[in-house]
Ligand code: UD1
């Protein structure tokens, strides 16, 4: 297992944002809707992407992956089981269920289980597919589904926490091959859904309303191959904005899609940052003293839960008291205890964290609990006095493409070592 050693750093310069993992994974799953060749570019080489490649190979796809280009072809053999050993490592694998069922009439996909950020149910995925007239049962930890042909329906997909990104992708993909029209109400509006819809349209699907809470799909008998460049990763972009604020370093973030980060830019401005947008670049000038602010995570276009941990770090160093309310995954605060070990003053109660700004934080040995918490601890290490060691960084390799190299090129003192 690897760990990072990090020292307080001042960053300076430009970085390029990589392709979005969360956009790429459902698009890869969508290739199951056709036997024709599909291509993607700007694909980040991450362990989650490698896991999805393995799942697609098990399901009968042949994949080439080189220089961030992915080519997906079909083998003659078609299987329909996504095994637990692969699904348990990555929840997003559950989004093969919809396309597999729609194309092959049968699917057996392991239930993903919970994770450190909460219980993470899949009831909305199952409800939606049942409403498309699939027969579904749970047996031995697997979701078994079958249908002659899915049939369109009017589906309300909202849950206790609002919309669901991957449930929307599952139902959207399945509905593309269903008989008749499907309407998804309370669909997720994330840019990753819009990217998936664009890919599906290029495959020949008839979709309207993506990016809004109501998506209308007219099912087709078959879909063809397609090609797409994966959108820039908005969470990686936001991670660099948080790093700029926490370390007081001006940064130029290139190859981004600023329009996907309106809520994040708003929060950074409230914290005192000056941000200029020039086409696909963001020029960030952090304040000398960070202003405290309140953040509430919400489904898009609200502030993303995937940036909650990273933005907590500059708030630790703000000149006053801030409040973070986590409305998407109320238990997603594993990083709080680790940040407090570095001298932060955060108290947590249910979905709330109250952060009393301190002048300095200090390096310590800290443990990464999940992907985004790992990024937060790295930012904290870059802002802290003395040495920080972040253990269990394998989480980071799941979702950030060359993050430490990017930080190092900006002048960060960070190195990877064996634990
Ligand atoms: C996706 C992202 C993840 C992000 C999350 C929220 C990918 C691969 N992952 O995860 O990085 O943190 O969106 O923006 O894109 N829920 C239910 N029932 C369901 C499904 C979800 O109650 O069937 C709840 C969840 O527990 C959570 C909320 O809905 O409270 C939103 O979760 P959801 O949008 O589904 O997250 P994912 O799509 O799994």
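The values are calculated or read from the model by the stated rules, or taken from the named source; none is laboratory data. Only a predicted model underlies this, so the values are computations on that prediction, with no experimental measurement involved. Neighbour counts are summed over all protein chains in view; Cβ atoms, including those assigned to glycine, are modelled from backbone coordinates with ideal geometry.
Hand me the list of strands (runs of 3 or more DSSP E) wholly inside region 317-419 holding 2 or more residues that are within 16 Å of the ligand (Cβ to nearest atom) and either within 19 Å of the chain's Cα centre (by Cα) or without any contact (Cβ under 8 Å) to a residue 60 or more places away in the chain (or both).
Result: 321-326.
Take the conditions at pLDDT 95 or above and either on the phi < 0 side of the Ramachandran plot or buried (at least 20 other Cβ atoms within 10 Å of the Cβ) (or both) and apply them to residue 309. Does it pass?
Considered against the rule, which asks whether it is at pLDDT 95 or above and either on the phi < 0 side of the Ramachandran plot or buried (at least 20 other Cβ atoms within 10 Å of the Cβ) (or both), residue 309 comes out as yes.
Does residue 402 qualify as being within 19 Å of residue 50 (Cα to Cα) and in the same structural domain as residue 307 (by TED's automatic domain parsing)?
Yes; evaluated as a whole, the condition is true for this residue.
Quick check: is even one residue across region 213-227 in the same structural domain as residue 36 (by TED's automatic domain parsing), surrounded by fewer than 24 Cβ atoms within 10 Å (Cβ to Cβ) and within 16 Å of the ligand (Cβ to nearest atom)?
yes
Suppose we keep only residues that are more than 8 Å from the ligand (Cβ to nearest atom), in contact with a helix residue (DSSP H, G or I) (Cβ under 8 Å, 6 or more places away or on another chain) and in a strand (DSSP E or B) within region 155-188. Which one would you say is farthest from residue 27 (Cα to Cα)?
In this case the residue turns out to be 155.
What are the residues in region 19-39 that are more than 14 Å from the ligand (Cβ to nearest atom) and surrounded by 24 or more Cβ atoms within 10 Å (Cβ to Cβ), if any?
Correct list: 31, 32, 33, 38.
For (1) at pLDDT 95 or above; (2) closer than 19 Å to residue 82 by Cβ; (3) touching a strand residue (DSSP E or B) at 6+ places or on another chain (Cβ under 8 Å), each residue gets a yes or a no:
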| site | (1), (2), (3) |
| --- | --- |
| 126 | yes, yes, yes |
| 166 | yes, yes, no |
| 178 | yes, no, yes |
| 198 | yes, no, yes |
| 219 | yes, no, yes |
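State whether one or more residues within region 147-154 are under 28 Å from the mean Cα position of the chain (by Cα), within 13 Å of the ligand (Cβ to nearest atom), outside the structural domain of residue 297 (by TED's automatic domain parsing) and surrounded by fewer than 23 Cβ atoms within 10 Å (Cβ to Cβ).
No, there is no match, as no residue in region 147-154 is under 28 Å from the mean Cα position of the chain (by Cα), within 13 Å of the ligand (Cβ to nearest atom), outside the structural domain of residue 297 (by TED's automatic domain parsing) and surrounded by fewer than 23 Cβ atoms within 10 Å (Cβ to Cβ).
Which one of these does residue 140 not meet: (1) at pLDDT below 95; (2) under 27 Å from the mean Cα position of the chain (by Cα)?
(2)
Among 120, 149, 62, which is assigned to a loop (DSSP other than H, G, I, E, B) and touching a strand residue (DSSP E or B) at 6+ places or on another chain (Cβ under 7 Å)?
It is 149.
Any residue in region 189-208 that is surrounded by fewer than 15 Cβ atoms within 10 Å (Cβ to Cβ), part of a strand (DSSP E or B) and either over 23 Å from the mean Cα position of the chain (by Cα) or more than 15 Å from the ligand (Cβ to nearest atom) (or both)?
Yes, region 189-208 contains a residue that is surrounded by fewer than 15 Cβ atoms within 10 Å (Cβ to Cβ), part of a strand (DSSP E or B) and either over 23 Å from the mean Cα position of the chain (by Cα) or more than 15 Å from the ligand (Cβ to nearest atom) (or both).
Given (1) within 30 Å of residue 351 (Cα to Cα); (2) surrounded by fewer than 16 Cβ atoms within 10 Å (Cβ to Cβ); (3) more than 12 Å from the ligand (Cβ to nearest atom), where does residue 110 come up short, assuming only one miss?
(2)
Within region 79-86, is there a residue that is in a helix (DSSP H, G or I), surrounded by fewer than 23 Cβ atoms within 10 Å (Cβ to Cβ) and either in contact with a helix residue (DSSP H, G or I) (Cβ under 7 Å, 6 or more places away or on another chain) or touching a residue at least 60 places away in the same chain (Cβ under 8 Å) (or both)?
Taking every residue of region 79-86 in turn, at least one turns out to be in a helix (DSSP H, G or I), surrounded by fewer than 23 Cβ atoms within 10 Å (Cβ to Cβ) and either in contact with a helix residue (DSSP H, G or I) (Cβ under 7 Å, 6 or more places away or on another chain) or touching a residue at least 60 places away in the same chain (Cβ under 8 Å) (or both).
Restricting to region 4-45, name every residue that is assigned to a helix (DSSP H, G or I) and either more than 12 Å from residue 72 (Cβ to Cβ) or under 19 Å from the mean Cα position of the chain (by Cα) (or both).
21, 22, 23, 24, 25, 26, 27, 28, 29, 30
Identify the residue in region 242-259 that is assigned to a helix (DSSP H, G or I) and in contact with a strand residue (DSSP E or B) (Cβ under 6 Å, 6 or more places away or on another chain) and, among all such residues, is surrounded by the fewest Cβ atoms within 10 Å (Cβ to Cβ).
258
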